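Participant: Quick one: structure below, then a few questions.
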Amino acid sequence: FPTSFSRPSFLDNHDMNRFLWVAHNDIQKLKLAALCQFTLSGAPVVYYGTEVGLSQPKDVMQNGKAIHEAARMPMLWGDDQNKDVFDFYCKLINIRKNESALTRGTRETIFVTDEVIAYRRVHNGISILCVMNVSDKTSEPEMDITETTPLLATSSDCRIQDSGEKKRILLPPFSGIIIK
């Protein structure tokens, strides 16, 4: 594709299992996946209901056939919606809308282990860092970073600590943080 082409991204859609179904209804994994989706290039596409915790009752594949209706459940309304997930999505959308580094910035991977992935998006001198723990264990990576202001975290237990010349990022299992 030409460099000007932007591929949209999605976690789920009408022809596949919903993300929450695949993640065994683990809201923390949904938040982490959404944080990643909204901090990478390409327009994020949110299939209706994902932003309020809509899952499905059974797998799309049944007896060797795709029954797409399983992923096309009616929208959740009122008290059936997961307000925490909805608020998280609203904050993600606002950050993506207001931070040009996330829509037009270049990406640089700065830290990778079996447990943690960190990348930076930069545009016009503004830097946004995304750090994600993709494991089921708490992780505390130390990084030489200039970003210090947390914009959003998937968990209130995510923290940034000074550790001499470096910063230590405290990440519970399956969590992430956006830092400016």
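The values are calculated or read from the model by the stated rules, or taken from the named source; none is laboratory data. Keep in mind it's a predicted model, so treat the numbers as computed, not measured. Cβ placement follows ideal geometry from the backbone for every residue including glycine, while neighbour counts extend to all protein chains displayed. Remember, those area values only see protein heavy atoms, side chains included, never the ligands or the DNA or RNA. Shrake-Rupley method; radii C 1.70, N 1.55, O 1.52, S 1.80 Å.
Participant: Once each part is reduced to its C-alpha centroid, what is the distance from region 60-74 to region 147-169 in angstrom?
Facilitator: After rounding, the separation between the Cα centres reads 41 Å.
Participant: If you don't mind, there's one more thing I want to ask. In nm, give the distance between the simple-model label positions of CYS90 and ASN124, each being 7 Å from the Cα along the Cα-to-Cβ direction.
Facilitator: Taking the two extended label points, one gets 2.7 nm.
Participant: Tell me, what is the per residue accessible area of region 53-162 in Å², probe radius 1.4 Å?
Facilitator: 59 Å²
Participant: Rounded to the nearest 0.05, what FRET efficiency do LYS137 and ASN63 have when you use their Cβ-Cβ distance and R0 = 30 Å?
Facilitator: Result of the calculation: an efficiency of 0.20.
Participant: Then there is this: Indicate the gyration tensor shape class of region 1-68 (rounded, prolate or oblate), computed on the Cα atoms with a ≥ b ≥ c the square roots of the eigenvalues: a/c under 1.5 is rounded; otherwise a/b larger than b/c is prolate and the rest oblate.
Facilitator: Since a/c reaches 1.5 but b/c is at least a/b, the shape of region 1-68 is classed as oblate.
Participant: Calculate one ³J(HN,Hα) per residue across region 2-10 by plugging θ = phi - 60° into the Karplus curve 6.51 cos²θ - 1.76 cosθ + 1.60, and present them in order as whole Hz with x for glycine and proline.
Facilitator: In residue order, the calculated couplings are x, 4, 7, 6, 10, 7, x, 10, 8 Hz.
Participant: From the helices alone, meaning DSSP H stretches of at least four residues, give me the mean residue ellipticity at 222 nm for the chain, per-run term -39500 (n - 2.57), in deg cm²/dmol to the nearest 500.
Facilitator: -6000 deg cm²/dmol
Participant: On the accessible surface of region 70-180, probed at 1.4 Å, how many percent belong to carbon and sulfur atoms?
Facilitator: 47 percent
Participant: Taking H as built 1.01 Å from N, whose amide H comes closer than 5 Å to the amide H of SER9, not counting residues under 5 places away?
Facilitator: Distant-sequence amide H within range of SER9: ALA43, VAL45.
Participant: Arranged from highest to lowest average of other beta-carbon atoms within 10 Å per residue, in what order do the peptides 82-92, 33-43 appear?
Facilitator: Output ranking for 82-92, 33-43: 33-43, 82-92.
Participant: Treating cross-link reach as a plain straight distance, find the lysines whose alpha-carbon is under 21 Å from the alpha-carbon of LYS91, omitting any fewer than eight places away in the same chain.
Facilitator: Partners found: LYS29, LYS31, LYS83, LYS180.
Participant: Once you have a ≥ b ≥ c as the square roots of the Cα gyration tensor eigenvalues for region 122-180, tell me rounded if a/c is under 1.5, and otherwise prolate or oblate according to whether a/b is larger than b/c.
Facilitator: Because a/c hits 1.5 or more and a/b fails to exceed b/c, region 122-180 counts as oblate.
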